[in-house]
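Structure first, then comments.
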Amino acid sequence: MSTIPSRPLSRQIQARLMSMLNVFMRPVLRLPFPTPLTKRIMLVSFTGRKTGKAYQQPLSYVQQGDTLLTPGGGKWKLNLREDQPVRIRLLGHDVFARPEFVKDPDEIEHLIGVMTAANPTVGTFVGIPKQPDGRLDRSRLETAVKYGFMIVRWHLDEETAL
């Protein structure tokens, strides 16, 4: 029986730090108008799959056409279902979007490139190093996918899209 080992210590520390920062970001992201913070961070509302508890998770995003792209590290994504739209606070407005989970390493690498071109700090949070040729380290990418990393592509509801 194989089990996936726990996350590396650096990722555990990063998760705890982000958890503390999120306490302060949530009120800013709930404001009814855009702020500098909302240009790159949105607030996703969802219900816990086991507890039924309501959660609001600040997530970085990059817009690609009529979709939003979010790095999918962490456990928050386990509460999402691809067939169930969720409410997102985006640029001071509530919209609904349906998540699509991108798990193919080649597509993830392409989308990380799109995201880092639009927002260079994405590369820092993703934490997958690049090789000298500029491509992501394939072994580290595949390990991250094995640990559950993905890209969440959000399809905005046409009626509530900005």
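The values are calculated or read from the model by the stated rules, or taken from the named source; none is laboratory data. No experiment lies behind these values; they were computed from the predicted model shown. Quick reminder, even Gly has a Cβ in these numbers, built from the backbone with ideal geometry, and neighbours come from all protein chains shown. We work out accessible area using only protein heavy atoms, side chains counted, and drop any ligands, DNA or RNA first. Shrake-Rupley method; radii C 1.70, N 1.55, O 1.52, S 1.80 Å.
Quick look at the numbers
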{"read-out": "Dipole moment magnitude, nearest 20 debye, region 87-162 about Cα centre, only Lys, Arg, Asp, Glu C-beta charged", "value": "320"}
{"read-out": "Given Lys53/Lys103; Lys39/Lys146; Lys77/Lys146, the pairs whose alpha carbons are separated by over 24 Å", "value": "Lys53/Lys103; Lys39/Lys146"}
{"read-out": "For region 91-162, accessible area per residue (1.4 Å probe, heavy atoms of protein chains only), Å²", "value": "55"}
{"read-out": "For Met18, solvent-accessible area (1.4 Å; no DNA, RNA or ligand), Å²", "value": "60"}
{"read-out": "Length-normalised contact order for the chain - Cα pairs under 8 Å, 6+ apart - percent", "value": "24"}
{"read-out": "Under the Karplus curve 6.51 cos²θ - 1.76 cosθ + 1.60, θ = phi - 60°, whole-Hz ³J(HN,Hα) for region 91-98, x wherever Gly or Pro sits", "value": "6, x, 10, 8, 9, 10, 8, 9"}
{"read-out": "Nearest-10 value in Å² for the accessible area of Leu69, using the 1.4 Å probe", "value": "0"}
{"read-out": "Residue-wise HN-Hα coupling along region 122-138, computed from phi with Karplus coefficients 6.51, -1.76, 1.60 (Hz; x: Gly, Pro)", "value": "4, x, 5, 6, 5, x, 9, x, 9, 7, x, 7, x, 7, 5, 4, 4"}
{"read-out": "Range in the chain, longest, excluding exposed GluC sites (Glu not before Pro) [loop by DSSP; at most 12 other beta-carbon atoms within 10 Å]", "value": "1-81"}
{"read-out": "Range in the chain, longest, excluding exposed trypsin sites (Lys or Arg not before Pro) [loop by DSSP; at most 16 other beta-carbon atoms within 10 Å]", "value": "104-134"}
{"read-out": "Shape category assigned to region 46-122 from the gyration tensor of Cα positions, a/c cut at 1.5", "value": "prolate"}
{"read-out": "Cut-off 19 Å (backbone N to label point 7 Å along Cα→Cβ of Val23), residues of region 78-98", "value": "none"}
{"read-out": "Helix-only mean residue ellipticity at 222 nm for the chain, each DSSP H run of n ≥ 4 adding -39500 (n - 2.57), per residue, nearest 500", "value": "-9500 deg cm²/dmol"}
{"read-out": "In Hz, Karplus ³J(HN,Hα) per residue of region 61-67 (6.51, -1.76, 1.60; θ = phi - 60°; x = Gly, Pro)", "value": "8, 10, 7, 10, x, 9, 10"}
